[in-house]
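K.L.:
Quick one: structure below, then a few questions.
Each reported figure results from applying straightforward, stated rules to the coordinates on display, with no laboratory input. Model, not experiment: these values are computed from the prediction. Because the Cβ atoms are built from the backbone with ideal geometry, glycine has one as well, and the counts that use them run over all protein chains shown.
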Amino acid sequence: MGDKDSQVSNIQTESKLNKRILYVYEFDSLKRKMEYELEIKVIDSITIYKYHSLADSTRNTSFRFNKAKSDLYFVFDKFNLTDFNYYQTTLFKFDKYEMSEPVVDGASPILFNKNYGILAWDNGWGNQFYFVAEEIKDEIKLPILWPRH
């Protein structure tokens, strides 16, 4: 019983909440704007980024980041770091991640910073999604991922 207790005590959790506005672009046109709350939860070497829609819980989504391997996961897909500091604001540097096993119409690329979470991703069908925080909204010229990356 002592071994099991010591394993449990090694798992550290930390959680914080952040406001985000989701901007949805179709090609170069803004189609939707929605309020979200980002919950960042750290469990050992995994960080979970849960995006909660304040208007419609069916639009909630989440991403996972494995700090030990620097891999990002969205639904069942794994994304690898391809460009370090691909996009920068005064407060954050975002890395570019691509699907480790690309598929037609797959969600790629993703712009990510481990302290900020997801800034952007393209769904492969001409839609781009941007989770923008108040503190950087004036610096960002959307859509970042259009024309195609």
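K.L.:
Could you give me the ³J(HN,Hα) list for region 15-31, computed from phi with Karplus coefficients 6.51, -1.76, 1.60 and θ = phi - 60°, whole Hz, x at Gly and Pro?
P.N.:
9, 8, 10, 9, 7, 9, 10, 8, 9, 10, 10, 10, 6, 10, 10, 5, 10
K.L.:
Would you look at the GNM of the chain, springs on alpha carbons closer than 10 Å, and say which of E135, E98, E39 moves the most?
P.N.:
Ranking E135, E98, E39 by mean-square fluctuation puts E135 first.
K.L.:
Considering the options I144, M34, A107, tell which one lies farthest towards the positive end of the dipole of the chain, charges being +1 on Lys and Arg and -1 on Asp and Glu at the Cβ, about the Cα centre.
P.N.:
Going by the Cα projections, it comes out as M34.
K.L.:
So what is the diffusion coefficient of region 60-101 in µm² per second by Stokes-Einstein at 10 °C and 1.306 mPa s, using a Kirkwood Rh over Cα pairs?
P.N.:
143 µm²/s
K.L.:
Enumerate the amide H contacts of D71 below 5 Å, restricted to partners 5 or more residues apart or on another chain; note that Pro and chain-start residues carry no placed amide H.
P.N.:
Distant-sequence amide H within range of D71: N66.
K.L.:
If you don't mind, another one. Rounded to a whole number of µm²/s, how large is the Stokes-Einstein D of region 47-116 at 20 °C and 1.002 mPa s, given Rh as the Kirkwood radius over C-alpha pairs?
P.N.:
For these conditions, the coefficient is 165 µm²/s.
K.L.:
Which value, in debye to the nearest 20, gives the size of the charge dipole of the chain about its Cα centre, when Lys and Arg are +1 and Asp and Glu are -1 at the Cβ?
P.N.:
The dipole of the chain has a size of about 140 debye.
K.L.:
Using only helices, what value at 222 nm comes out for the chain when you add -39,500 (n - 2.57) per DSSP H run of length 4 or more and divide by the total residues, to the nearest 500 deg cm²/dmol?
P.N.:
-1500 deg cm²/dmol
K.L.:
Same structure, new question: List the relative contact order of region 12-136 as a percent without decimals, with contacts defined as Cα pairs under 8 Å and 6+ residues apart.
P.N.:
Across region 12-136, relative contact order equals 20 percent.
K.L.:
Sticking with this structure for a sec: With label points built 7 Å along Cα→Cβ from the Cα atoms of R59 and E135, find their separation and express it in nm.
P.N.:
2.5 nm
K.L.:
For M34 and N80, calculate 0.36 nm times their separation in residues minus their Cα-Cα distance, and state this gained length in nm to one decimal.
P.N.:
Separation in residues times 0.36 nm, less the Cα-Cα distance, equals 13.8 nm.
K.L.:
Another question, if that's okay. Write down the Kirkwood hydrodynamic radius of the chain, to one decimal in angstroms, obtained as one divided by the mean of 1/r over all alpha carbon pairs.
P.N.:
16.2 Å
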